[in-house]
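First the structure, in the form of C-alpha coordinates, and then the observations on it.
The values are calculated or read from the model by the stated rules, or taken from the named source; none is laboratory data. All values derive from a computational prediction rather than experimental measurement. With ideal geometry, Cβ positions are generated from the backbone for all residues, glycine too; neighbour counts draw on all protein chains shown. Calculation scope for accessible area: heavy atoms of the full protein, side chains included, ligands and nucleic acids excluded. Shrake-Rupley method; radii C 1.70, N 1.55, O 1.52, S 1.80 Å.
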Amino acid sequence: MRIALAGLATSHPYTDARTLRDQAELVVWEPDPQRLARFRAEQPDVAVAPELAALLAARPDGVVLTVPTPDVPDALAQVLARELPCFVNKPAAATLGQLDRLERVVQRAPELVLTSSVLRFAPDFVAFDVAREEVLSVRATVRHDVGLWATGYNPWQDDPAVGGGTLVMMGLHGVELLVALLGPAVRLVGAAGAVRRHRGLRSEDTGLLALQWDDGVPGVVEVLGVSQGEAYEVTVYTGGGEQRVVLRGGADQLGYRATIDAFLGMVRGGPSPVSWAQTRAVLGVLAAARATA
(Lines give C-alpha, C1' and ligand atoms only; values in the text may rest on other atoms or scores of the structure.)
Protein backbone atom coordinates (compact mmCIF):
# COMPACT_ATOMS: atom_id res chain seq x y z
CA MET A 1 0.00 0.00 0.00
CA ARG A 2 1.26 3.49 -0.85
CA ILE A 3 -0.11 6.55 0.92
CA ALA A 4 0.60 10.11 -0.19
CA LEU A 5 0.97 12.86 2.40
CA ALA A 6 -0.12 15.98 0.54
CA GLY A 7 1.05 18.89 2.68
CA LEU A 8 2.36 19.28 6.22
CA ALA A 9 0.53 22.48 7.14
CA THR A 10 -0.27 21.41 10.73
CA SER A 11 1.22 18.99 13.26
CA HIS A 12 -1.30 16.26 12.41
CA PRO A 13 0.42 14.69 9.36
CA TYR A 14 3.59 14.12 11.38
CA THR A 15 1.50 12.00 13.76
CA ASP A 16 -0.28 10.40 10.80
CA ALA A 17 3.06 9.38 9.31
CA ARG A 18 4.18 7.72 12.53
CA THR A 19 0.92 5.74 12.53
CA LEU A 20 1.08 4.85 8.83
CA ARG A 21 4.72 3.91 8.42
CA ASP A 22 4.24 0.33 9.65
CA GLN A 23 1.34 -0.24 7.27
CA ALA A 24 2.22 1.58 4.08
CA GLU A 25 4.94 3.03 1.90
CA LEU A 26 4.83 6.83 2.19
CA VAL A 27 5.51 9.63 -0.25
CA VAL A 28 5.28 13.29 0.77
CA TRP A 29 4.91 16.73 -0.77
CA GLU A 30 5.27 20.00 1.14
CA PRO A 31 6.25 23.38 -0.38
CA ASP A 32 7.58 24.87 2.87
CA PRO A 33 11.26 23.87 3.25
CA GLN A 34 11.28 24.12 7.06
CA ARG A 35 8.28 21.85 7.46
CA LEU A 36 9.71 19.39 4.97
CA ALA A 37 13.09 19.40 6.75
CA ARG A 38 11.39 18.63 10.06
CA PHE A 39 9.49 15.78 8.44
CA ARG A 40 12.57 14.33 6.77
CA ALA A 41 14.41 14.41 10.10
CA GLU A 42 11.68 12.14 11.49
CA GLN A 43 11.12 10.07 8.34
CA PRO A 44 14.39 10.08 6.36
CA ASP A 45 13.40 7.15 4.12
CA VAL A 46 10.20 8.69 2.77
CA ALA A 47 10.27 9.73 -0.90
CA VAL A 48 9.65 13.42 -1.60
CA ALA A 49 7.66 14.75 -4.56
CA PRO A 50 8.39 18.26 -5.88
CA GLU A 51 4.74 19.25 -6.38
CA LEU A 52 1.23 17.96 -5.82
CA ALA A 53 0.84 16.75 -9.41
CA ALA A 54 4.02 14.68 -9.09
CA LEU A 55 2.83 13.29 -5.75
CA LEU A 56 -0.40 12.08 -7.33
CA ALA A 57 1.50 10.75 -10.33
CA ALA A 58 3.35 8.42 -7.92
CA ARG A 59 0.18 6.28 -8.00
CA PRO A 60 -0.75 6.29 -4.31
CA ASP A 61 -3.64 4.19 -3.04
CA GLY A 62 -4.89 7.03 -0.84
CA VAL A 63 -4.08 10.59 0.18
CA VAL A 64 -3.82 12.40 3.52
CA LEU A 65 -4.38 16.07 2.64
CA THR A 66 -3.10 18.77 5.00
CA VAL A 67 -2.90 22.20 3.38
CA PRO A 68 -4.05 25.66 4.53
CA THR A 69 -7.83 25.75 4.51
CA PRO A 70 -8.33 28.00 1.44
CA ASP A 71 -6.24 25.55 -0.62
CA VAL A 72 -8.32 22.48 0.27
CA PRO A 73 -10.94 22.61 -2.54
CA ASP A 74 -8.42 22.87 -5.39
CA ALA A 75 -6.12 20.21 -3.95
CA LEU A 76 -9.02 17.87 -3.16
CA ALA A 77 -10.34 18.29 -6.69
CA GLN A 78 -7.03 16.99 -8.04
CA VAL A 79 -7.19 13.99 -5.70
CA LEU A 80 -10.78 13.12 -6.59
CA ALA A 81 -10.02 13.48 -10.30
CA ARG A 82 -7.86 10.38 -9.81
CA GLU A 83 -10.64 8.64 -7.85
CA LEU A 84 -8.46 8.33 -4.75
CA PRO A 85 -9.81 8.12 -1.19
CA CYS A 86 -8.77 11.18 0.78
CA PHE A 87 -8.52 12.05 4.45
CA VAL A 88 -8.55 15.84 4.86
CA ASN A 89 -7.04 16.97 8.15
CA LYS A 90 -9.15 19.60 9.89
CA PRO A 91 -10.53 22.07 9.19
CA ALA A 92 -11.65 21.46 5.63
CA ALA A 93 -13.50 24.80 5.62
CA ALA A 94 -13.54 27.76 7.99
CA THR A 95 -15.82 30.31 6.33
CA LEU A 96 -19.11 30.17 4.46
CA GLY A 97 -17.34 30.94 1.18
CA GLN A 98 -14.78 28.18 1.72
CA LEU A 99 -17.53 25.73 2.59
CA ASP A 100 -19.43 26.55 -0.59
CA ARG A 101 -16.31 25.88 -2.70
CA LEU A 102 -15.57 22.66 -0.79
CA GLU A 103 -19.09 21.32 -1.13
CA ARG A 104 -19.05 21.68 -4.91
CA VAL A 105 -15.88 19.55 -5.00
CA VAL A 106 -17.03 16.91 -2.51
CA GLN A 107 -20.31 16.36 -4.36
CA ARG A 108 -18.30 14.67 -7.13
CA ALA A 109 -17.45 11.72 -4.87
CA PRO A 110 -18.51 12.14 -1.22
CA GLU A 111 -17.83 8.46 -0.52
CA LEU A 112 -14.12 9.12 -1.13
CA VAL A 113 -13.84 12.01 1.35
CA LEU A 114 -13.22 11.76 5.09
CA THR A 115 -12.66 14.89 7.14
CA SER A 116 -13.19 14.85 10.87
CA SER A 117 -11.78 15.61 14.25
CA VAL A 118 -9.84 12.55 15.36
CA LEU A 119 -11.81 12.65 18.60
CA ARG A 120 -14.82 11.15 16.84
CA PHE A 121 -12.80 7.91 16.71
CA ALA A 122 -11.34 8.10 20.23
CA PRO A 123 -12.03 4.72 21.90
CA ASP A 124 -13.63 6.18 25.04
CA PHE A 125 -15.95 8.34 22.95
CA VAL A 126 -16.92 5.46 20.66
CA ALA A 127 -17.89 3.52 23.79
CA PHE A 128 -19.89 6.46 25.20
CA ASP A 129 -23.60 5.70 24.78
CA VAL A 130 -26.64 7.67 25.90
CA ALA A 131 -30.22 6.99 24.79
CA ARG A 132 -31.13 9.84 22.44
CA GLU A 133 -34.67 10.19 23.83
CA GLU A 134 -33.31 10.80 27.35
CA VAL A 135 -31.16 13.80 26.40
CA LEU A 136 -32.19 17.17 27.85
CA SER A 137 -29.11 19.15 26.77
CA VAL A 138 -25.43 18.64 25.96
CA ARG A 139 -22.16 20.42 26.56
CA ALA A 140 -18.70 19.98 25.04
CA THR A 141 -15.64 21.63 26.56
CA VAL A 142 -12.46 21.95 24.52
CA ARG A 143 -9.21 22.73 26.36
CA HIS A 144 -6.27 23.35 24.02
CA ASP A 145 -3.85 26.22 24.50
CA VAL A 146 -3.34 28.50 21.48
CA GLY A 147 -0.63 30.73 22.93
CA LEU A 148 1.82 29.54 20.27
CA TRP A 149 -0.15 31.45 17.64
CA ALA A 150 0.48 34.70 19.51
CA THR A 151 4.21 34.21 18.75
CA GLY A 152 3.49 34.20 15.00
CA TYR A 153 3.48 30.42 14.54
CA ASN A 154 1.23 29.28 11.67
CA PRO A 155 -0.46 32.67 11.27
CA TRP A 156 -2.99 31.31 8.77
CA GLN A 157 -4.60 29.20 11.51
CA ASP A 158 -5.16 32.27 13.70
CA ASP A 159 -6.60 34.36 10.85
CA PRO A 160 -10.44 34.27 11.03
CA ALA A 161 -10.74 34.68 7.26
CA VAL A 162 -8.22 31.94 6.43
CA GLY A 163 -8.06 29.13 9.01
CA GLY A 164 -10.93 30.34 11.14
CA GLY A 165 -9.02 31.12 14.32
CA THR A 166 -9.56 29.45 17.67
CA LEU A 167 -13.34 29.33 17.34
CA VAL A 168 -13.06 27.09 14.25
CA MET A 169 -9.72 25.32 14.72
CA MET A 170 -10.44 24.23 18.28
CA GLY A 171 -14.21 24.56 18.31
CA LEU A 172 -14.38 21.89 15.61
CA HIS A 173 -13.53 19.22 18.17
CA GLY A 174 -16.52 20.05 20.35
CA VAL A 175 -18.98 20.44 17.49
CA GLU A 176 -17.76 17.18 15.93
CA LEU A 177 -18.36 15.25 19.13
CA LEU A 178 -21.86 16.62 19.63
CA VAL A 179 -22.90 16.01 16.02
CA ALA A 180 -21.50 12.48 16.24
CA LEU A 181 -23.57 11.98 19.38
CA LEU A 182 -26.86 13.63 18.41
CA GLY A 183 -26.89 13.78 14.61
CA PRO A 184 -26.58 16.44 11.90
CA ALA A 185 -30.00 18.13 12.25
CA VAL A 186 -28.47 21.07 14.13
CA ARG A 187 -28.10 24.81 13.70
CA LEU A 188 -26.12 27.58 15.33
CA VAL A 189 -28.14 29.92 17.55
CA GLY A 190 -25.30 32.10 18.84
CA ALA A 191 -21.53 32.52 19.11
CA ALA A 192 -19.06 34.77 20.89
CA GLY A 193 -15.32 35.04 21.29
CA ALA A 194 -12.83 37.08 23.28
CA VAL A 195 -9.13 37.48 23.94
CA ARG A 196 -8.70 36.89 27.67
CA ARG A 197 -5.02 36.06 27.99
CA HIS A 198 -3.01 35.64 24.76
CA ARG A 199 -2.59 39.21 23.52
CA GLY A 200 -1.52 39.50 19.91
CA LEU A 201 -3.91 36.91 18.50
CA ARG A 202 -5.86 37.78 15.37
CA SER A 203 -8.78 35.65 16.53
CA GLU A 204 -9.76 34.74 20.11
CA ASP A 205 -8.47 32.53 22.88
CA THR A 206 -11.89 31.90 24.43
CA GLY A 207 -15.17 31.19 22.69
CA LEU A 208 -18.68 29.86 23.03
CA LEU A 209 -21.06 28.31 20.49
CA ALA A 210 -24.75 27.77 21.24
CA LEU A 211 -26.48 25.05 19.20
CA GLN A 212 -29.95 23.56 18.87
CA TRP A 213 -31.09 20.34 17.26
CA ASP A 214 -34.33 20.13 15.29
CA ASP A 215 -36.04 18.20 18.08
CA GLY A 216 -35.33 21.05 20.50
CA VAL A 217 -32.26 19.74 22.35
CA PRO A 218 -29.92 22.68 23.12
CA GLY A 219 -26.15 22.38 23.29
CA VAL A 220 -23.09 24.41 24.15
CA VAL A 221 -19.49 24.17 22.98
CA GLU A 222 -16.96 25.94 25.22
CA VAL A 223 -13.60 26.67 23.61
CA LEU A 224 -10.81 27.36 26.10
CA GLY A 225 -7.62 28.32 24.31
CA VAL A 226 -5.93 29.23 27.58
CA SER A 227 -5.17 25.93 29.24
CA GLN A 228 -2.42 24.12 31.11
CA GLY A 229 -3.23 20.87 29.35
CA GLU A 230 -5.16 19.36 26.46
CA ALA A 231 -8.48 17.70 27.23
CA TYR A 232 -11.93 17.33 25.71
CA GLU A 233 -15.11 16.67 27.66
CA VAL A 234 -18.69 15.88 26.69
CA THR A 235 -21.47 16.07 29.27
CA VAL A 236 -24.98 14.84 28.54
CA TYR A 237 -27.73 16.00 30.86
CA THR A 238 -30.73 13.70 31.33
CA GLY A 239 -33.64 13.58 33.72
CA GLY A 240 -31.75 10.99 35.73
CA GLY A 241 -28.52 12.99 36.05
CA GLU A 242 -25.36 13.58 34.06
CA GLN A 243 -23.23 11.30 31.93
CA ARG A 244 -19.75 12.41 31.02
CA VAL A 245 -16.74 11.32 28.98
CA VAL A 246 -13.32 12.99 29.15
CA LEU A 247 -10.74 12.50 26.40
CA ARG A 248 -7.07 13.12 27.11
CA GLY A 249 -3.75 11.36 26.79
CA GLY A 250 -1.65 10.31 23.83
CA ALA A 251 -2.37 9.80 20.15
CA ASP A 252 -4.08 6.46 20.63
CA GLN A 253 -6.39 7.73 23.39
CA LEU A 254 -7.31 10.81 21.34
CA GLY A 255 -8.22 8.77 18.28
CA TYR A 256 -5.35 9.40 15.87
CA ARG A 257 -4.65 5.72 15.26
CA ALA A 258 -8.33 4.82 14.98
CA THR A 259 -8.85 7.65 12.48
CA ILE A 260 -6.05 6.32 10.29
CA ASP A 261 -7.51 2.83 10.59
CA ALA A 262 -10.86 4.21 9.41
CA PHE A 263 -9.13 5.94 6.48
CA LEU A 264 -7.30 2.75 5.53
CA GLY A 265 -10.69 1.03 5.45
CA MET A 266 -11.59 3.50 2.69
CA VAL A 267 -8.33 2.75 0.89
CA ARG A 268 -9.26 -0.93 0.93
CA GLY A 269 -12.55 -0.16 -0.77
CA GLY A 270 -15.00 0.89 1.92
CA PRO A 271 -17.03 4.13 1.91
CA SER A 272 -16.19 7.13 4.05
CA PRO A 273 -16.95 6.27 7.70
CA VAL A 274 -18.38 9.78 8.24
CA SER A 275 -21.19 10.82 5.90
CA TRP A 276 -20.98 14.16 4.14
CA ALA A 277 -24.29 15.09 5.83
CA GLN A 278 -22.57 14.89 9.22
CA THR A 279 -19.43 16.68 8.04
CA ARG A 280 -21.51 19.38 6.31
CA ALA A 281 -23.39 19.97 9.57
CA VAL A 282 -20.16 20.36 11.56
CA LEU A 283 -18.55 22.72 9.06
CA GLY A 284 -21.78 24.67 8.57
CA VAL A 285 -22.07 25.37 12.29
CA LEU A 286 -18.43 26.45 12.51
CA ALA A 287 -18.61 28.71 9.45
CA ALA A 288 -21.78 30.32 10.79
CA ALA A 289 -20.11 30.81 14.16
CA ARG A 290 -17.13 32.46 12.52
CA ALA A 291 -19.43 34.85 10.65
CA THR A 292 -21.42 35.60 13.82
CA ALA A 293 -18.53 36.09 16.23
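Some notes on this structure:
- Test: S272 is more than 22 Å from V146 (Cβ to Cβ), of a type outside the set (A, V, I, L, M, F, W, C), in contact with an Asp or Glu (Cβ under 9 Å, 6 or more places away or on another chain) and surrounded by 17 or more Cβ atoms within 10 Å (Cβ to Cβ): yes
- Every pair of residues 6+ apart whose Cβ atoms lie under 8 Å, when the first sits in segment 41-54 and is in the same structural domain as L65 (by the TED database) and more than 18 Å from L65 (Cα to Cα) while the second is surrounded by 10 or more Cβ atoms within 10 Å (Cβ to Cβ) and modelled with pLDDT of 95 or more: E42/Y14; E42/A17; E42/R18
- Total residues in segment 165-193, condition in a loop (DSSP other than H, G, I, E, B) and open to solvent by less than 40 Å² (accessible area, probe 1.4 Å): 2
- Considering (1) within 22 Å of the chain's Cα centre (by Cα); (2) free of Cβ contacts under 8 Å to residues at least 24 places away in the same chain; (3) under 29 Å from V79 (Cβ atoms), the lone condition that G269 does not fulfil carries the number (1).
Conditions tested, residue by residue: (1) within 24 Å of E230 (Cα to Cα); (2) not aliphatic (A, V, I, L, M).
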position: R38; (1), (2): yes, yes
position: V46; (1), (2): no, no
position: A58; (1), (2): no, no
position: G62; (1), (2): no, yes
position: T69; (1), (2): yes, yes
position: Q78; (1), (2): no, yes
position: L84; (1), (2): no, no
position: L102; (1), (2): no, no
position: V126; (1), (2): yes, no
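- For segment 69-105, a residue qualifies if it is touching a helix residue (DSSP H, G or I) at 6+ places or on another chain (Cβ under 6 Å) and part of a loop (DSSP other than H, G, I, E, B), and the qualifying residues are R82, P85, N89, K90, P91, A92, A93, A94, T95.
- Residue selected from segment 187-204 under the condition farther than 12 Å from V220 by Cα and out of contact with any Asp or Glu (no Cβ under 7 Å at 6 or more places or on another chain), by the criterion modelled with the highest pLDDT: E204
- Set R108, R59: member being touching a helix residue (DSSP H, G or I) at 6+ places or on another chain (Cβ under 6 Å), over 17 Å from V282 (Cα atoms) and not assigned by the TED database to the domain that holds L286: R108
- Only residues that are farther than 19 Å from A288 by Cβ and either open to solvent by 20 Å² or more (accessible area, probe 1.4 Å) or at pLDDT below 95 (or both) were counted across segment 217-226, and they come to 2.
- The residue list L247, L224, L286 contains one member that is touching a Phe, Trp or Tyr at 6+ places or on another chain (Cβ under 7 Å) and not acidic (D, E), which is L247.
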